[in-house]
Amino acid sequence: MPALNIAEIQTNKSNVSVFTTNYSDKLNAYRKDYPAFSFYRLSNNIYAWQNIDTQTSLPSEFKQTQITKDNDALVFKEILEQGIISFFQNKSQEIYRKKYSSTWILKLNKDSKIELAGLSLLPQMEFQIDPLYSTQQGTQVITISVRKTYKPEFTFNDSDFLKNNIDIRNWDRNHNDRLIFSPRNRKRFLESTNQTDKYQEIISNVYSLPNELHEFNRLVNAFKNYVNDIYLPDNLKINDFFFSTLPNLYFKDLSISKPTYYFLNNRTGTGYYNKQIKELKPYSFNNFKSKNIKIALFTPSRNEGSSGTFIKYLEGNLKHNFHADNIKIDLIKFERDSSLEFIKELVNKTDEGGYNLAITVLSQADKKLSIKKSPYFLLKAKLLGRKIPTQQLTIEIIRKIRFQDDLILNAIALNIYSKLGGTAWTIEKDEKDKIEIIIGIGTTINFNKQRIIGFANVFDYKGSYLLGSSSQLCGFNEYASNLEKHLIKTIESQISLRGIEPTDTFRLIFHLSKPASKKYEIKAIENALRNFSEYKIQYAIVHLSYQHNYRLFNEKENIIPRGTFVEIASRQALLHLGQSSKVPILLRIDKRSIYDNEEAMYKDLYAIAKQILYFSHLSFRTFKPANVPVTIKYPQLMSKLSSELMVVDDWDKTNLEIVKNQLWFI
């Protein structure tokens, strides 16, 4: 049976007497002068309540009022949260709020830490209190989500790293100049100390589904033991931290089935997708059958033998699985030199040969080179300006391929076919009567730690979904204006292409990897829609995130079925997109979305979740469905790679306009 890592905070009553006054700049002074009270700002009001038994009175501007769980859920939740936080603080336990989050972290000093050479994994509890809403019962439910996690900390100081011959000169550090356990530092440290396998084994064990469920039950039972010691105002008491599996009184799990895949002439099949392509032919087969395609494979001379064998395997895979009979791959050798002058020679050979795509074979060591010294980035930058996509492979990966239908080779062939403009499959559209334009907005952090934005479109066509163009990156300063221009251009093209009349209703759906901002997304949408005031346009803004404290478990099995859907509020739901993970994606429909009525928006929560699941099947990076929809993943990939190309000398970002309809970035 599936379960969510939340417990209902059950109280002895649903109403509390508190104090309130209008918001003013005295808030900080109140907190300083009246430490026996907790203060909470909500909109234009300040709420206050006792956090200890005291005879102190608040200033006369505070008036007593009654709040209820159903009508004042945020205040009620805050009262419970502050009571629990104060309980731990009074026990002198170290507790703090996670940065940019509503999650609290408490060190579990009595639990054993995990030791590796130069590294400790410190046990801690992460919990978050939320006012959820049960649409089954039409009532607010205050819950606490609980997890046991481990915080990695280096136990080596700088001298210890030097003693172990580990170069840390360009490692990431915090503002106190201390080494941090960033993803980049983690990779370098584990490789340098030869502990990668050991670390992965430990992480896999402590975060396995059975172990996480065991720790969740243990921590919830600990909370149960605290109920009589948590002080709350107005004789409010916590009766229980109640946990139950799904379905229960308030929440239930539903299953969203995977979409139907369409191949040539909208034929469908069953079984593994790579087998279906082989049997039914790719969706874009007719576009390739009369086209001669040439691919250049650039490889260092020392890797000529392995690369030659790879070419035979790849040509066979593309021919037999993708029915691409007219693809020819030429092996072009080169000699490496530190000046990277050989790049010019490879570009000239690409021009002379009239190639449609270039494969570059490098080594794993090349990935560690800076962008400006990387043959991969230099060659990609030069060839993209000539509308030639590239595929990077390492010789280490090539040597692992043993036969024509190797799983690794299947993914490489799919990448190449897609970069050549091929569409291996498309997927069904569920609600075929609605005209929809879906715009994905993904972000990444570039080398200067600046946030970079990318866009991607998905359109419905003849009852199926197809990926449209992807737009080049922009920084935050140009984000609102660029999004506005992108919207206007996209809407204009769709109105023209589909012959949409002013009397027709159509919908824009935005998939965001960050919460919508009035300064950026809302501003751009409202400005763009002013250009189409004669049309009936609805829009939904959907925020998708894995950065939350919710987890799904299964008490009897070690997997969660893909497509598991749990509605946790009228505009919020959890959707599971991967069997190997217990982390669902959290989707929120922004309340500023414009629909005909509120009911229509609520009904679309399930439909939008289904759409997101479907879009995870549109990824052409591998045959395995992704754990993020292409509307988010593709803009992230594009933004990351685009921002890296900006470092290359003489790179012209307008080159990306040339290949905007190609998946050059996957």
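Coordinate-derived values only; no laboratory data. Please read these numbers as outputs of a predicted model, since none were measured by experiment. All Cβ positions, glycine included, derive from the backbone under ideal geometry; neighbour counts span all protein chains shown.
What value, in deg cm²/dmol to 500, does the helix sum -39500 (n - 2.57) over DSSP H runs of n ≥ 4 give at 222 nm once divided by the residues of the chain?
-9500 deg cm²/dmol
Filter K198/K382; K99/K518; K344/K640; K187/K258 down to the pairs with a C-alpha to C-alpha distance above 30 Å, please.
Working: K198/K382 41 Å; K99/K518 22 Å; K344/K640 25 Å; K187/K258 35 Å.
The answer is K198/K382; K187/K258.
May I ask you to derive the relative contact order of the chain, considering only C-alpha pairs under 8 Å and at least 6 residues apart, and to give it as an integer percent?
Computed over the chain, the figure is 13 percent.
So, with +1 on the Cβ of K and R and -1 on the Cβ of D and E, and no other charges, what is the size of the charge dipole of the chain about its Cα centre, to the nearest 20 debye?
Magnitude of the dipole: close to 1200 debye.
The range 320-391: which GluC sites (Glu not before Pro) are DSSP loop and have at most 14 other beta-carbon atoms within 10 angstrom?
Answer by residue number: E335, E341.
Can you find, among H175, F298, L393, the residue sitting farthest towards the positive end of the charge dipole of the chain, where Lys and Arg contribute +1 and Asp and Glu -1 at Cβ?
Final value for the positive-end residue is F298.
Please rank M638, M1, fewest neighbouring Cβ atoms within 10 Å first, as an exposure proxy.
M1, M638
When Lys and Arg each count +1 and Asp and Glu each count -1, what net charge do the other residues less than 15 Å away from L249, Cβ to Cβ, add up to?
-3
Using a/c under 1.5 as the rounded threshold, could you call the range 60-107 rounded, prolate or oblate? The axes a ≥ b ≥ c are square roots of the C-alpha gyration tensor eigenvalues, and prolate needs a/b larger than b/c, oblate otherwise.
Note, shape of the range 60-107 comes out prolate.
Regarding the range 191-329, what's the average projected area of the Cα-atom convex hull, expressed in nm²?
Value for the range 191-329: 18.6 nm².
Going through the range 11-92, which GluC sites (Glu not before Pro) have at most 15 other Cβ atoms within 10 Å and a DSSP loop state?
Filter output for the range 11-92: E61.
Which of rounded, prolate or oblate describes the range 94-228 when judged by the alpha-carbon gyration tensor and an a/c cut-off of 1.5? Could the numbers behind the result be given before it?
On the way: a/c = 2.51, a/b = 2.12, b/c = 1.18.
Here the range 94-228 falls in the prolate category.
Rounded, prolate or oblate: which fits the range 2-246 when a ≥ b ≥ c are the square roots of the eigenvalues of the alpha-carbon gyration tensor, with rounded for a/c under 1.5 and prolate only if a/b beats b/c?
prolate
Please report how far the C-alpha centroid of the range 165-199 lies from that of the range 84-155, rounded to the nearest whole angstrom.
Each part reduced to its Cα centre gives a spacing of 25 Å.
Could you sort out which of K98/K252; K289/K387; K252/K633 sit more than 23 Å apart by Cα distance in this structure?
The pairs that break the limit, which is 23 Å between Cα atoms, are K98/K252; K252/K633.
Using only the Cα atoms of the range 271-419, what are the Rg and Dmax in Å?
15.5, 50
Show which lysines lie in cross-link reach of K536 when reach means a straight Cα distance below 16 angstrom and same-chain residues fewer than eight apart are skipped.
Candidates past the 8-residue exclusion: K434.
I'd like to compare 99-110, 621-632: which one has the highest average count of other Cβ atoms within 10 Å, and what's the full order after that?
Averaged packing, sorted descending, gives the order 621-632, 99-110.
Going by how many other Cβ atoms sit within 10 Å of their own, how do L246, L613 line up, fewest first?
Taking fewest neighbouring Cβ atoms as first place, the list is L246, L613.
Near N225, within a Cβ-to-Cβ distance under 12 Å, what is the net charge of the other residues, with Lys and Arg +1 and Asp and Glu -1?
Once positives and negatives cancel, what remains is 0.
In Å, the Kirkwood hydrodynamic radius of the chain over pairs of distinct alpha carbons?
Details: mean 1/r = 0.0354 Å⁻¹.
Evaluated over the chain, this radius sits at 28.3 Å.
So which of K69/K107; K63/K148; K63/K151; K372/K400; K294/K514; K13/K556 end up more than 32 Å apart by C-alpha?
K63/K148; K63/K151; K294/K514; K13/K556
Net charge around F322, counting only other residues with Cβ within less than 14 Å of its Cβ (Lys, Arg = +1; Asp, Glu = -1)?
Here the charged neighbours net out to +3.
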